[in-house]
Amino acid sequence: MSLRAHYEEELREMREHLLAMASLVERHLELAIQAMIKQDEGIASIVVKDDDKLDDMKVAMENSCISLIATQQPLASDLRNIFTANEIATDLERMGDYAVDIAEIAIRLKDEKYIKELDKIPRMAKIALTMVHGCIDAYVRSDAELAAKVCKTDDEVDDLTGELFAELYSMGGRETRDIFQMIQFLFVAKYIERIGDHATNIGEWVVFNVTGKLIDLND
Amino acid sequence: MENAVKISVKNLNLYYGDLQALKEVNIEISENSVTALIGPSGCGKSTFLKTLNRMNDLIPNTKITGEVLLDGNDIYAGDCDVIELRKNIGMVFQKPNPFPMSVFDNVAYGPRVHGERNKRALQETVERSLKAAALWDEVKDRLSKPALGLSGGQQQRLCIARVLAVQPEVVLMDEPTSSLDPISTGKIEDLMDELKKKYTIIIVTHNMQQAARISERTAFFLLGDLIEEGDTIDIFKTPRDKRTEDYITGRFG
Ligand SMILES: Nc1ncnc2c1ncn2[C@@H]1O[C@H](COP(=O)(O)OP(=O)(O)OP(=O)(O)O)[C@@H](O)[C@H]1O
Ligand SMILES: [Mg+2]
């Protein structure tokens, strides 16, 4: 194998590693929300327990990017690919942390009767997950337009957080337990909002990878 | 790009007999900047460099068309003084080529040819040039010793000092560090960074990282064509042309 072919192989492995990481994060996000809706401790603890895997994958990604930079001195699309992969891995790892935070809330509330049926949270989660999936898809296809399009829906997540806040506020719970729950719901909403922000970051890295331009998809 | 245009090349073609080594090259080179020329072996980088101070005049059977304007004046016009031109546009070759004489005489050679006879003035010029080439400290106690006794990296810097001694406006460097260790390379790169404050520098290099480190602009040649030229950072981050991309990432061939 020529050295260039070997290098291609390493770049391909790096990409595959990133995609494996993305699908694990997507799974954790789905499980965390399910645990929240079903108040299922078993599902929640999978997310908490397996987060180490994501952290390890992030470290492995850093190591392979550093060694590629040190040994290959990448330029042009290689440089953008390596930088992008490392940045996306960072965003994915953060999302994984939010999945853990949500799962921990699910565990905390597992035996309580919810003061209201969860409607906005699953909707928000669905949008955020679609964003994550769409941005990873855009990464795989090197499609900057798709990335930009997907990130437009981030506003909906932000709006729903606002709506949820207004709704809970107007319910005006008196019981300490009720207020505690409301706060937990708002935390979950906030985490989902942050997940949407990280998905937007991924979209921005996809645009960078394709065009070399650093842009803001958040406006 | 704010700097004034120092050299403007228009529709330049060069033929070695039947072989066309440069094809319709158009490029503008700014003052006080480093421009890197990159491209595979045989693509015409050295040839292009030589057209800028008419070194190619010395090669029989060459034909050249188009214009090379230095400060707006065509260097191929009939009234151009070639000796003066080569004083203004100095050249450092890939292989260090010190003359078989002392360190001092090597550096004083150019000024003497141009009529400087004053001993003191020559001494000052030699010291200033060796300092500018980051060589003074290493040779100040052996100025009368043969230049060929210097190490390769020292010889290369001596050749640079020799060019600087005649106070050129433009310095052409053809792979000046290709045979040097990283320390000497670093010194020459620092030197270029320093020199560009006063001079305009054009360097041929096969080392992409070197081009990326030291130049403001980069031009990529392929088979005599200037494929792409632009801000160095853009060329190495997001080249426009697929052939540039393939070359700098090593996917060629
Ligand atoms: N004196 C000459 N007579 C005939 N052909 C020449 C002469 N000098 C160069 N050539 C040809 O012109 C083309 C360009 O050569 P040039 O030396 O400019 O390439 P280069 O880009 O500097 O290559 P390298 O990176 O190997 O130094 C080559 O095909 C070369 O063989
Ligand atoms: Mg050459």
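Here are the numbers for the structure shown:
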{"quantity": "Pairwise Lys count, segment A:3-211 - Cα closer than 24 Å, eight or more residues apart or different chains", "calculated": "28"}
{"quantity": "Helix-only mean residue ellipticity at 222 nm for chain B, each DSSP H run of n ≥ 4 adding -39500 (n - 2.57), per residue, nearest 500", "calculated": "-10000 deg cm²/dmol"}
{"quantity": "For segment B:67-72, 3J(HN,Hα) per residue [Karplus equation, 6.51 cos²θ - 1.76 cosθ + 1.60, θ = phi - 60°, Hz, x = Gly/Pro]", "calculated": "10, 10, 9, 9, 6, x"}
{"quantity": "With at most 12 neighbouring Cβ atoms within 10 Å, loop GluC sites (Glu not before Pro) (DSSP) excluded, longest segment of chain A", "calculated": "A:1-116"}
{"quantity": "For segment B:159-253, the spread of Cα positions along each principal axis, largest first, Å", "calculated": "42, 27, 23"}
{"quantity": "Residues whose placed amide H lies under 5 Å from that of B:S33, excluding near-sequence neighbours", "calculated": "B:I201"}
{"quantity": "Share of pairwise Cα separations in segment A:101-173, more than 19 Å, in percent", "calculated": "51 percent"}
{"quantity": "Karplus (6.51, -1.76, 1.60) ³J(HN,Hα), θ = phi - 60°, over segment B:203-215, in Hz, Gly and Pro reported as x", "calculated": "10, 8, 8, 9, 9, 4, 5, 5, 4, 5, 5, 9, 9"}
{"quantity": "Per-residue ³J(HN,Hα) for segment B:107-114, Karplus 6.51 cos²θ - 1.76 cosθ + 1.60, θ = phi - 60°, Hz, x for Gly and Pro", "calculated": "6, 7, 4, x, x, 5, 4, 8"}
{"quantity": "Segment B:204-237 and segment B:1-53: distance between their alpha carbon centers, rounded to Å", "calculated": "12 Å"}
{"quantity": "Size of charge dipole - segment A:3-211 - debye, nearest 20, with Cβ of Lys, Arg +1 and Asp, Glu -1, no other charges", "calculated": "240 debye"}
{"quantity": "Three-way shape call for segment B:70-120 based on the alpha-carbon gyration tensor, with the a/c threshold at 1.5", "calculated": "oblate"}
{"quantity": "About the Cα centre, charge dipole magnitude for segment A:118-173 (Lys/Arg +1, Asp/Glu -1 at Cβ), debye", "calculated": "180 debye"}
{"quantity": "Computed [θ] at 222 nm, deg cm²/dmol, chain A (DSSP H ≥ 4; -39,500 (n - 2.57); rounded to nearest 500)", "calculated": "-30000 deg cm²/dmol"}
{"quantity": "Dipole magnitude of the protein assembly as shown about its Cα centre (Cβ charges: Lys, Arg +1; Asp, Glu -1), debye to nearest 20", "calculated": "2280 debye"}
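All of the numbers you see were taken from the coordinates with simple rules; none came from a lab. Being a predicted model, the structure only gives us computed values, none of them experimental. Neighbour counts run over all protein chains shown; Cβ positions are idealised from the backbone, glycine included.
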